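Shown next, in structure tokens, is the structure this report addresses.
The values are calculated or read from the model by the stated rules, or taken from the named source; none is laboratory data. Everything numeric here is computed off the predicted structure, so don't read it as measured data. Note that each Cβ is placed from the backbone with ideal geometry, even for glycine, and that neighbours are counted across all protein chains shown. For accessibility, only protein heavy atoms count, side chains too; no ligands or nucleic acids. Shrake-Rupley method; radii C 1.70, N 1.55, O 1.52, S 1.80 Å.
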Amino acid sequence: MADEMMVKELEQVVVRFSGDSGDGMQLAGNIFSNVSANVGNDICTFPDYPADIRAPQGSLTGVSGFQVHIGAGKVYTPGDKCNVLVAMNPAALKTQVQFCRPDGLIITDSDSFGAKDLEKALFTTDNPFDELNIVQDVIEVPISSMCKESLKDSGLDNKSILRCKNMFALGLVCWLFNRDVKIAEEMLREKFAKKPQIADANIKVLNDGYNYGHNTHASTSTYRIESKDPKAKGLYTDINGNKATAYGMIAAAEKAGLELYLGSYPITPATDILHELAKHKSLGVKTVQCEDEIAGCASAVGAAFAGDLAVTTTSGPGVCLKSEAMNLAVIAELPLVVVNVQRGGPSTGLPTKSEQGDLLQALYGRNGESPMPVIAATSPTNCFDSAYMACKIAVEHMTPVVLLTDAFIANGSAAWHLPKLEEYPTITPPYVTPDMQGDWTPFKRNDETGARYWAVPGTEGFMHRIGGLEKSNATGVISTDPENHDLMTRLRQAKVDKIADIIPALEIEGDKDDADLLIVGWGGTYGNLHAAMDEMRNEGRKVALAQFQYINPLPKNTAEELKKYKRIVVAEQNLGQFAGYLRMQIPGLMVSQFNEVKGQPFVTTELVEAFTKLLED
């Protein structure tokens with residue numbers, strides 16, 4: 001009976017690991033997420049790290065956090081506040097306690113709470129818990145000293161030993177939630193395959209942390225989250241948005257029978273796409289780290305002309321620099337995918353934080369009439385599908401495409417069911433055919449799609465030139481004729497407009513037939529908005545959700561669907577860009593707005609409060 005009381009069943013739990021940037025909190029969080037996904041739990045993660053390359057140890061600005069939401073059923077967000085907070089030092093406690101529920105549990109490394117440590121975190125007393133008015137239960141564990149004792153005969157130096165303390169904390173959390181550390185051990189073996197001594201040390205400390213919890217009964221209860229929703233059969237893995245984006249582009253290149261070329265310049269938070277693609281040379285992937293942003297994009301334009309599936313990756317500041325080369329792809333009508341992993345702006349802004357401030361830049365941030373399809377991924381796993389479709393549209397419609405993700409979904413992760421490539425739509429490049437020889441010109445178009453035919457250099461009988469100067473639609477030579485320029489401008493726009501024929505219709509979730517409020521969002525806010533809708537429906541309110549993945553062109557049924565609802569609120573992490581765009585595209589549309597620009601994901605409780613107030617007004 002006592003054993004039964006010691007283990008409590010939970011539907012969901014949120015855990016947040018926090019410490020110095022060098023404390024390995026991202027690794028601990030990632031391993032715990034993978035262990036949880038492996039036993040069938042649904043997960044959603046939120047890595048929250050500073051922009052500093054290495055802030056002073058113990059400082060408030062150098063705290064790195066990793067939050068994971070684990071559920072027995074479907075999980076849409078990383079959670080508003082955590083049930084368990086691991087705070088490895090006073091700075092982590094001071095900055096992160098705001099994210100812990102009042103009834104939560106805090107685990108600290110008591111060895112890191114000395115007088116000097118408290119001073120670095122700007123505490124004025126020797127009792128940080130009283131000073132912060134902490135009401136949560138606190139477990140003070142001498143993690144650092146136990147790591148030293150555990151590894152005193154390992155042959156490692158003191159610095160290397162203390163680097164293992166994140167694994168002690170992980171082991172303790174695994175005990176708290178009845179997680180099998182064998183899976184974590186396998187991950188550590190793989191990560192440190194070339195450093196077996198480091199792997200052994202981390203694994204020993206991991207088990208020591210688990211055993212410490214078990215032997216001392218560090219908490220009055222342990223917890224179990226049993227998966228209740230049966231998952232589709234197949235292989236699953238924990239994947240973040242940047243890796244899913246890379247995989248989506250590799251899959252598209254394979255489906256199209258093309259080699260994939262990435263021309264890029266490192267920029268947070270998009271660089272991991274470059275890192276991932278660079279690993280797959282065996283799949284025909286070519287990656288080039290260029291000297292600057294415009295060179296990265298210009299090289300990709302050249303690769304597109306040469307017949308590759310061409311991609312360039314960046315964030316908002318990089319798009320500013322790439323815009324001239326992007327416009328070259330527009331006027332030359334070449335297939336190019338521009339991935340913008342949005343971050344806080346303007347300028348350098350908040351390099352490691354998330355925002356949706358680049359929508360209008362993607363739509364209109366170039367000179368002249370420069371139509372470009374825009375797709376926005378809605379979750380870490382949806383990054384795969386969005387990248388695949390961006391590549392399909394670029395190739396089949398001979399146009400550059402902007403794929404918008406953001407730091408939240410790019411760095412966040414979720415359990416991903418590995419798809420079967422044969423179930424994805426075909427990608428058919430519109431190549432010239434031998435029968436076109438003789439009367440072919442560079443801007444001869446497919447009547448159905450409006451796309452020009454692709455003559456890869458070296459194709460016999462199709463020698464041609466294209467470039468940044470306007471060309472004659474009839475002959476392909478340089479033209480300054482006013483009527484021709486007007487025609488070419490309209491043809492390029494019509495080609496993008498026709499893409500609406502092949503994208504999915506807008507789907508409404510929730511109480512779509514009788515909702516009193518329609519929540520509208522786009523891109524990476526999907527999880528938070530869906531959670532808010534679910535909470536309001538559980539309270540008995542009639543609420544629906546429309547989350548846009550395809551921005552330009554909009555789905556063909558957009559106006560028809562939105563006009564069905566009397567109350568519409570557009571929620572986005574900017575000051576109203578998508579709301580303004582919808583008003584422009586659908587004359588007479590009346591919408592309310594919910595806007596935040598904080599560099600953090602929406603907080604579900606705040607959304608529910610704001611939306612409920614709208615219904616009551």
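Of the numbered criteria (1) assigned to a helix (DSSP H, G or I); (2) open to solvent by 50 Å² or more (accessible area, probe 1.4 Å); (3) of a type in the set (G, A, S), the one G155 fails is (1). Scanning segment 252-264 for residues that are closer than 18 Å to S386 by Cβ and open to solvent by 10 Å² or more (accessible area, probe 1.4 Å) yields E254, K255, A256. Scanning segment 75-104 for residues that are closer than 15 Å to E11 by Cα and of a type in the set (G, A, S) gives a single hit, G79. Taken together, the residues in segment 400-426 that are open to solvent by less than 10 Å² (accessible area, probe 1.4 Å) and either part of a loop (DSSP other than H, G, I, E, B) or under 28 Å from K495 (Cβ atoms) (or both) amount to 8. Just for segment 1-29: of the residues that are out of contact with any Pro (no Cβ under 8 Å at 6 or more places or on another chain) and of a type in the set (S, T, N, Q), which one is modelled with the highest pLDDT? Applying the filter and picking the extreme gives S18.
Residues in segment 287-318 that are without any contact (Cβ under 8 Å) to a residue 40 or more places away in the chain and acidic (D, E): E291, D292, E293. Pairs meeting the criteria (first residue in segment 421-449 and within 22 Å of A500 (Cβ to Cβ), second residue assigned to a helix (DSSP H, G or I) and of a type in the set (D, E), beta carbons under 7 Å, at least 6 apart or on different chains) are I427/E396; T428/E396; P430/E396; T449/E396. Screening I239 with (1) open to solvent by 10 Å² or more (accessible area, probe 1.4 Å); (2) part of a strand (DSSP E or B); (3) at pLDDT below 95; (4) not hydroxyl-bearing (S, T, Y) gives one miss only, at (1). Considering N215, N202, the condition of being open to solvent by less than 80 Å² (accessible area, probe 1.4 Å), out of contact with any Ser or Thr (no Cβ under 7 Å at 6 or more places or on another chain) and not hydrophobic (A, V, I, L, M, F, W, C) is satisfied by N202 alone.
Scanning segment 319-365 for residues that are in contact (Cβ under 8 Å) with a residue 60 or more places away in the chain and out of contact with any helix residue (DSSP H, G or I) (no Cβ under 9 Å at 6 or more places or on another chain) gives a single hit, N327. Any residue in segment 301-308 that is open to solvent by 10 Å² or more (accessible area, probe 1.4 Å), at pLDDT 95 or above, within 20 Å of the chain's Cα centre (by Cα) and over 14 Å from V337 (Cα atoms)? Checking segment 301-308: not a single residue is open to solvent by 10 Å² or more (accessible area, probe 1.4 Å), at pLDDT 95 or above, within 20 Å of the chain's Cα centre (by Cα) and over 14 Å from V337 (Cα atoms). A Cβ distance below 6 Å, combined with a sequence gap of six or more or placement on separate chains, defines the contacts here; from segment 120-141, residues that are at pLDDT 95 or above reach residues that are surrounded by fewer than 17 Cβ atoms within 10 Å (Cβ to Cβ) and in a loop (DSSP other than H, G, I, E, B) in the pairs E131/T125. Within the set L518, L506, the sole residue that is in contact with a Phe, Trp or Tyr (Cβ under 6 Å, 6 or more places away or on another chain), outside any helix (DSSP H, G or I), surrounded by 19 or more Cβ atoms within 10 Å (Cβ to Cβ) and at pLDDT 95 or above turns out to be L518.
Is it true that some residue in segment 442-453 is within 23 Å of S370 (Cβ to Cβ) and either among the β-branched types (V, I, T) or over 41 Å from the mean Cα position of the chain (by Cα) (or both)? Looking through segment 442-453, at least one residue is within 23 Å of S370 (Cβ to Cβ) and either among the β-branched types (V, I, T) or over 41 Å from the mean Cα position of the chain (by Cα) (or both). Where in segment 1-114 are the strands (runs of 3 or more DSSP E), entirely inside, with at least 1 residues that are basic (K, R)? Of the strands (runs of 3 or more DSSP E) lying wholly inside segment 1-114, those with at least 1 residues that are basic (K, R) span 7-9, 12-20, 100-109.
A residue that is closer than 19 Å to I331 by Cα and modelled with pLDDT under 95 cannot be found anywhere in segment 487-503. All of K556, K564 fail the test of being touching a strand residue (DSSP E or B) at 6+ places or on another chain (Cβ under 9 Å) and over 23 Å from E609 (Cβ atoms), apart from K564. Can you name the residue in segment 462-472 that is within 22 Å of M326 (Cα to Cα) and open to solvent by 70 Å² or more (accessible area, probe 1.4 Å) and is also farthest from the chain's Cα centre (by Cα) among such residues? So the residue we want is R465. Is segment 473-487 home to any residue that is touching a strand residue (DSSP E or B) at 6+ places or on another chain (Cβ under 8 Å), under 21 Å from P430 (Cα atoms) and open to solvent by less than 80 Å² (accessible area, probe 1.4 Å)? Looking through segment 473-487, none of the residues is touching a strand residue (DSSP E or B) at 6+ places or on another chain (Cβ under 8 Å), under 21 Å from P430 (Cα atoms) and open to solvent by less than 80 Å² (accessible area, probe 1.4 Å).
On the stretch given as segment 158-169, residues that are aliphatic (A, V, I, L, M) and either assigned to a loop (DSSP other than H, G, I, E, B) or free of Cβ contacts under 8 Å to residues at least 24 places away in the same chain (or both) total 1. As for segment 97-117, it holds no residue that is in contact with a helix residue (DSSP H, G or I) (Cβ under 7 Å, 6 or more places away or on another chain), open to solvent by 10 Å² or more (accessible area, probe 1.4 Å) and among the basic types (K, R).
Is it true that some residue in segment 265-286 is in contact (Cβ under 8 Å) with a residue 12 or more places away in the chain, surrounded by fewer than 21 Cβ atoms within 10 Å (Cβ to Cβ) and part of a strand (DSSP E or B)? The answer is yes; a qualifying residue exists.
Remark: pairs (first residue in segment 543-563, within 19 Å of D516 (Cβ to Cβ); second residue crowded, with 18+ Cβ neighbours inside 10 Å and among the aromatic types (F, W, Y); Cβ separation under 7 Å; 6+ apart in sequence or on different chains) = Q547/W522; Q547/Y526.
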